[in-house]
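Shown next, in structure tokens, is the structure this report addresses.
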Amino acid sequence: MEVTHHQDTNKGYFQAESDGQKAGKMTYSKAGTTKIIIDHTEVEDAFSGQGVGKKMLLKAVAYAREENLKVIPLCPFAKAMFQKIDNIKDVLS
């Protein structure tokens, strides 16, 4: 499973692929210069229950740490994961 990061000026997404097949996508918008808002997470049915969403979220957290950004999880999935995983809460806004 590979998770790649794609971004333009004010928006971006993390996409998970397995053997060239899209497994999921997590989108975000930039909020100023210090925050990103995770607004949507989707996982393809064929990859349900395989931790795809979590892998994308961890990639988003790594990106936030690298860029010294805070995360606002508006997406219900991302919000729930931030409540469950203690060692990623440092990037919460």
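At most 16 other Cβ atoms within 10 Å plus a DSSP loop assignment makes a site exposed; report the longest stretch of the chain without any exposed GluC sites (Glu not before Pro).
1-43
Taking a threshold of 20 Å on the Cα-Cα distance, which of the pairs LYS35/LYS59; LYS22/LYS84; LYS22/LYS89 fall above it? Result: LYS22/LYS84; LYS22/LYS89 exceed 20 Å. What separates the Cα centres of region 52-91 and region 1-16 is a distance of 14 Å.
Between the helical axis of 52-66 and the longest alpha-carbon principal axis of the chain there is an angle of about 30 degrees.
For LYS70, the residues 5 or more places off, or on other chains, whose built amide H falls under 5 Å of its own are LYS35, ILE36. Over region 16-65, the alpha carbon radius of gyration divided by the compact-protein estimate 2.2 N^0.38 Å works out to 1.23. Applying 1/(1 + (r/R0)^6) with R0 = 25 Å to the Cβ-Cβ distance of GLN83 and ASP45, what FRET efficiency is obtained, to the nearest 0.05? Computed FRET efficiency for GLN83 and ASP45 comes out at 0.50. Each listed q (0.16, 0.21 Å⁻¹) maps to a log10 I(q)/I(0) for the chain from the Debye sum over equal C-alpha point scatterers, namely -0.58, -0.99. Rolling a 1.4 angstrom probe over the chain with all protein chains present gives an accessible area of which 46% lies on carbon and sulfur atoms.
The values are calculated or read from the model by the stated rules, or taken from the named source; none is laboratory data. This one's a predicted model, so the numbers in the text were calculated from it and none came from an experiment. Here the Cβ is made from the backbone with ideal geometry for all residues, glycine too, and neighbour counts use every protein chain on show. SASA here: full protein model, heavy atoms, side chains in, ligands and nucleic acids out. Shrake-Rupley method; radii C 1.70, N 1.55, O 1.52, S 1.80 Å.
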